[in-house]
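Asker: Mind looking over this structure? Questions follow.
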Amino acid sequence: MHRFLAWLEGLIPPVVPAPPGEPTSLFPFLGQQIRQVRGPLAVLTALTMIDALLDTVVPFFIGHLVGLLATTPRDRFFAEAMPTLLAMLAVVLVLRPLVFLSAFSLGRLGIEPGWQSRMRWQFYGRLIGQSLRFFHNDFAGRLANRVMQTGGAVRQATISFIQAIIYIACYGLGSVGLIAAQDWRMALPVALWFCAYLLILRLFLPQQRQRAQAASEGRSMLMGKVVDAFGNIQALKLFGEKARDDAYMAAAVREANGLFQAQQRLQIGFSGCLSILSATTVCTTCAIGLWLWSRGAIEVGGFTMAMTLVLSLVRASGWIAWEISGIMENIGIVQEGMESLTAPVTMQDRPDAVPLRFERGEIAFRKVSFSYDDRLPILRDIDLVIRPGEKIGLVGRSGAGKSTLVNLLLRFNAVTEGRILIDGQDIAGLKQESLRRVIAMVTQDTALLHRSIRDNVLYGRPDASEAELHAALARAQATDFVGNLQDWLGRRGLDAHVGERGVKLSGGQRQRIALSRVILRDAPILVLDEATSALDSEVETAIQENLGTLMAGKTVIAIAHRLSTLQIMDRLVVLDQGRILEQGTHAELLAAGGLYADLWARQSGGFIVAPKKREPVQAE
């Protein structure tokens, strides 16, 4: 038995690449998921049909026994009824339990866990390949909710269809056949019941699907707002007002509740129609059966069998109505999830993309322009060559396009016009993973994974040794505070977890962990976007010395609003309104008296104390 259960558990492996093609309409999307497990689903469908037909046989046996009871003398009853009793025992005690347990085990253990997990894995893979802009335009909680819910909805809708709709269809057809075998007139109410049932479905299902999708959207939006609130809990505590925040969330709750109530109102109407139809069918069948019996057209056993089948059928119709409501709700969830899961991936590798052949580390921006909207250009006609091993600083007011230029280099966005070359190779034709493998970056807004310190640092180079890991932490001035860390589960030091986005650490500590990761990676191209902005003076001074060693022999792009930190750069590039305004060394730009000189004067003249040599300066 253990081996059989283990075989069932391995029937559908959860981690399997998604099939080619990304259908954007409902039924092709469902078909793509179902085809992956069509074999097990076909077996489950066959078992369900057998189960339904066996269920119709039981009323047949009961009717036959009642007929024997009415017509057979007591002393001869068991002799006459023995074949029927033995057949009934075989069906009830052996066949039905065997078929039911086989279908139940196949569905619950063999199909549902693996299939649902496989879809979640594939949906996650689809979304994780999207561009940064895609994630910036939506709630992270809503996207996660769609990954988790959509697979379960596809699975539940499919299994419910097989175990409910297929079952009732087979049971109904078997019932009509058995009743018609007694007298075709008794089968008329059941046949009419089927026609009316299909008509009711035709009237209600489209509306149910629409309202289920709207209700799912409302739940998903509510989930996104709840996760957004929890993810920004510090801002809520600092600036929020309970009445205002409660009103914002209450509006989302009321909207989701209203959409769900609209869905349930329709379900009440649907169930009411089926209830009236079922009651009418029972009464009509009973009336026709009594009339036929009174005329001697059928026996008591035939009447009993027919009424037992009809009562079972109409009782099952209530369950079917509930299942259909669930199917429509799950279809709505699938349609709502498809809004994200079938969105076109805008930053895919080209089919003919090749790995980067890194040689010297020269970076060239050739007539590069970029905008999200043609009416609002962010970068315009950027011509810039960064020589191998050269260290440049990007300077400019907020919004000048400094970070955008770096994001284009990393292919987080695609250029609107022009080309970006590394060692003469257009990055648009390169595999993105090979491109980013040679670039290490530290950002101002450092977010860490909700894992251990060790995992976060080794994320830059998983095969690094323990000695290399400790050396990187030491160069980032992180050894002392890491050694004193302890998380909420008592894990200490490198094994301590940092919380979601690193919230258990201070901004300076997060930045030092990020620096450790970059130091360990030792990539030939280094990007520093306000890499030391969250550090205090003493730590920054120590790290600046290590950065000098780290930058040796690398092509470096550094962004900093504190201009004093960029004096060690070989060249400064000043951006303004998306264009290169001036270039040169620190001394050359001061002598030119342009925008850089103005920015420097503002910092050294009031906001920041003038530096001495290469020492970083701090805001007053």
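Asker: Six or more apart or on different chains, Cβ under 9 Å: which pairs go from a residue in region 62-78 that's hydroxyl-bearing (Ser, Thr, Tyr) and at pLDDT below 80 to one that's surrounded by 14 or more Cβ atoms within 10 Å (Cβ to Cβ) and outside any helix (DSSP H, G or I)? Could you list them?
Answerer: THR71/GLU299
Asker: Report yes if some residue within region 25-47 is touching a helix residue (DSSP H, G or I) at 6+ places or on another chain (Cβ under 9 Å), in the same structural domain as ALA153 (by TED's automatic domain parsing) and over 20 Å from SER160 (Cβ atoms); otherwise report no.
Answerer: Taking every residue of region 25-47 in turn, at least one turns out to be touching a helix residue (DSSP H, G or I) at 6+ places or on another chain (Cβ under 9 Å), in the same structural domain as ALA153 (by TED's automatic domain parsing) and over 20 Å from SER160 (Cβ atoms).
Asker: What are the pairs with Cβ atoms under 6 angstrom where one residue, in region 509-530, is modelled with pLDDT of 85 or more and the other, located anywhere, is basic (Lys, Arg)? Sequence gap at least six, or different chains.
Answerer: That search, which allows pairs on different chains as well, returns ILE519/ARG475; LEU520/ARG461; ARG521/ARG461; PRO524/LYS554; LEU526/LYS554.
Asker: Okay, moving on. Considering only residues that are among the hydrophobic types (A, V, I, L, M, F, W, C) and part of a loop (DSSP other than H, G, I, E, B), look in region 329-360 and name the one that is surrounded by the fewest Cβ atoms within 10 Å (Cβ to Cβ).
Answerer: VAL345
Asker: Go through LEU89, LEU68 for me and flag whichever is farther than 23 Å from ALA316 by Cβ, in a helix (DSSP H, G or I), touching a Gly at 6+ places or on another chain (Cβ under 8 Å) and of a type in the set (A, V, I, L, M, F, W, C). If you could, list the steps in order and put the result at the bottom.
Answerer: On the way: LEU89 fails: touching a Gly at 6+ places or on another chain (Cβ under 8 Å).
Result: LEU68 is the single residue among LEU89, LEU68 that is farther than 23 Å from ALA316 by Cβ, in a helix (DSSP H, G or I), touching a Gly at 6+ places or on another chain (Cβ under 8 Å) and of a type in the set (A, V, I, L, M, F, W, C).
Asker: Follow-up question, since we're still on this one. Hey, can you tell me all the residues within region 1-15 that are assigned to a loop (DSSP other than H, G, I, E, B), modelled with pLDDT of 85 or more and exposed (fewer than 13 other Cβ atoms within 10 Å of the Cβ)?
Answerer: GLY10, PRO13, VAL15
Asker: For region 371-400, which positions are closer than 29 Å to LEU550 by Cβ, touching a Gly at 6+ places or on another chain (Cβ under 8 Å) and surrounded by 19 or more Cβ atoms within 10 Å (Cβ to Cβ)?
Answerer: If the condition is that a residue be closer than 29 Å to LEU550 by Cβ, touching a Gly at 6+ places or on another chain (Cβ under 8 Å) and surrounded by 19 or more Cβ atoms within 10 Å (Cβ to Cβ), then LEU379, ILE382, ALA400 are the ones that fit.
Asker: Would you point out which residue out of LEU199, LEU188, LEU205, LEU192 is at pLDDT below 85, surrounded by fewer than 20 Cβ atoms within 10 Å (Cβ to Cβ) and part of a helix (DSSP H, G or I)?
Answerer: Checking each option against the conditions leaves just LEU205.
Asker: Does VAL314 satisfy the condition of being of a type outside the set (D, E, K, R) and at pLDDT 80 or above?
Answerer: no
Asker: Which residue pairs have Cβ atoms under 7 Å apart, sit 6 or more places apart or on different chains, and have a first residue in region 430-450 that is in contact (Cβ under 8 Å) with a residue 40 or more places away in the chain and a second that is part of a loop (DSSP other than H, G, I, E, B) and among the charged types (D, E, K, R)?
Answerer: Sorted first by the residue in region 430-450, then by its partner, the pairs are LYS431/ASP349; GLN432/ASP349; GLN432/ARG411; LEU435/ARG411; GLN444/GLU530.
The values are calculated or read from the model by the stated rules, or taken from the named source; none is laboratory data. Predicted, not measured: the structure shown is a model, and the values here were computed from it. Please note: Cβ atoms are built from the backbone with ideal geometry, for glycine as well, and neighbour counts cover all protein chains shown.
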